[in-house]
Amino acid sequence: MTRMQRGSEPLKKSFPTLKKRYGKRTYFEDEMRSGTRSQSKRRWPPQGHRPLCQVKLGYEFTYLYCALAPATGALIALMLPEMTRACFEVFVDHFQKQTRQLHGHHPVVLIADKAGSHQREVCAQRRIALQHLPRGCPELNPVERFFEELRKELADHLFDNLRQVEDYLARILKKYWQHPELIIKLCHYPYMRTT
């Protein structure tokens with residue numbers, strides 16, 4: 001058993017308890033940085049030709065904060081300028097408003113990695129349970145899989161400013177809000193279904 005497999009065991013063992021207590025009110029959270037720097041993906045040019053692509057080295061960035069419920073496909077997202085405790089507080093306030101609309105005053109749990117901005121007291125002040133993922137186990141967080149899809153759609157696009165980045169991200173996210181079954185298909189991992 002590798003170190004990474006050993007690290008993933010605590011969440012897999014505790015997930016049945018979380019699922020029993022919170023049911024479909026279990027959310028996973030993470031952040032993704034994107035900006036005016038272009039990201040190129042692999043290309044297949046004709047044989048004997050070099051692949052051509054436009055590149056921009058921009059230095060403006062925004063952070064997409066996402067919380068999703070893999071069992072229902074619910075997605076809560078907010079774009080913020082930094083990955084700091086203050087921005088995490090803004091996101092948790094937004095998350096609380098959205099989950100109250102969805103679940104009333106029933107308790108919810110937010111499962112996140114151990115980034116420095118993910119402070120337990122920020123969530124506790126808002127009566128949201130925060131559960132940390134084990135260190136070095138990003139494969140347990142379904143938001144990472146969701147971000148892979150977003151990065152594919154952002155690849156090979158040039159953006160002149162942050163407004164263009166945010167508008168394009170909003171168009172991509174709209175598809176997932178309108179079709180939550182896409183999130184369920186991507187993010188409802190086997191260890192979540194079998195418990």
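The values are calculated or read from the model by the stated rules, or taken from the named source; none is laboratory data. Please read all numbers here as calculations on a predicted model, not as lab measurements. When we count neighbours, we look across all protein chains shown, and the Cβ atoms used for this are built from the backbone with ideal geometry, even at glycine. Each accessible area value is taken on the protein alone, full model and side chains, heavy atoms only, with ligands, DNA and RNA left out. Shrake-Rupley method; radii C 1.70, N 1.55, O 1.52, S 1.80 Å.
If you take all other residues with their beta carbon under 15 Å from the beta carbon of M79, and give Lys and Arg +1 and Asp and Glu -1, the sum is -4.
Mean residue ellipticity, 222 nm, helices only, the chain: the sum of -39500 (n - 2.57) across DSSP H runs of n ≥ 4, divided by residue count and rounded to 500, is -14000 deg cm²/dmol.
Could you work out Rg/(2.2 N^0.38 Å) for the stretch 1-155, with Rg from alpha carbons only?
1.22
The residues of the chain present an accessible area of 59 Å² per residue when probed at 1.4 Å with all protein chains retained.
In whole percents, the pair-distance distribution calculated for the stretch 99-195 from its alpha-carbon pairs, binned every 10 Å from zero, is 12, 32, 40, 15, 1. By the rule of a C-alpha distance below 15 Å, with chain neighbours fewer than 8 residues away ignored, the aspartates and glutamates paired with K152 are E144.
In the stretch 82-149, if the dipole is taken from +1 on Lys/Arg beta carbons and -1 on Asp/Glu beta carbons about the Cα centre, which of G136, M83, G104 is farthest to the positive end? So the residue we want is G104. How many percent of DSSP beta bridges within the stretch 66-143 run antiparallel, rounded to 5? Of the beta bridges lying entirely in the stretch 66-143, close to 50 percent run antiparallel. Counting only Cβ charges, +1 for Lys and Arg and -1 for Asp and Glu, the dipole size of the chain around its Cα centre is about 680 debye.
Shown is the FRET efficiency for K175 and Q39, computed with R0 = 25 Å from the Cβ-Cβ distance and rounded to the nearest 0.05: 0.80. By accessible area, using a 1.4 Å probe on protein heavy atoms only, the chain has 51% of its surface on carbon and sulfur. The count of lysine pairs in the stretch 1-144 that are at least 8 places apart or cross chains, and whose C-alpha atoms lie under 19 Å apart, stands at 7. You can think of it this way: the chain between A115 and H94 has 5.6 nm of extra reach, that is 0.36 nm per residue less the Cα-Cα gap.
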